[in-house]
Amino acid sequence: MTPPEPRHREPAWARRFDDELVGLDPEDPEARAFAQHLDRMQRDRPSFTVEGYLDGVQDFAESANRAQGGRYWAAVLVVVLLLVGVVWVVGNALVFVLGTWL
C-alpha cells in the first residue's frame, strides 16, 4: 500500500511565469529555484511603510541565509556594523538622558 499524497502541494511556479519558463521541467529543483527568484524580483510591495521595510529585512535575511563564502560574511559584517551603530546611539542617548536628570 502506498502512502497518500499530501493534500497541500506547493506549486512549482505561478502561472505568470509560464512565458519565462517555457520548456523547463516543473519538478526540476533548479527550475523551481529560478521561479522563486523571479517571484522575488517581481514582487510588488509597499516601499515606504513599516510592512515594506520589514519585507526588505526579511528579503535580506533570506538572501544572507542562501549566500555562501564571502557574500555570507559580508552580510554578517553589515549586520554587526548596524548593531554596533544601534548600541552606540542608544548608549549616547542613555548618557544624555541620565546626565540631564542627574
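Nothing in this text is a laboratory measurement; each read-out follows from the coordinates by a stated rule. All values derive from a computational prediction rather than experimental measurement. Here the Cβ positions follow ideal geometry from the backbone for every residue, glycine too, while neighbour counts run over all protein chains shown.
Details
- Taken along the Cα-to-beta-carbon direction at a fixed 7 Å, the label points for Tyr72 and Val22 span 3.9 nm.
- In this label model, Arg43 and Ala93 are separated by 2.8 nm, measuring between points 7 Å along each Cα→Cβ vector.
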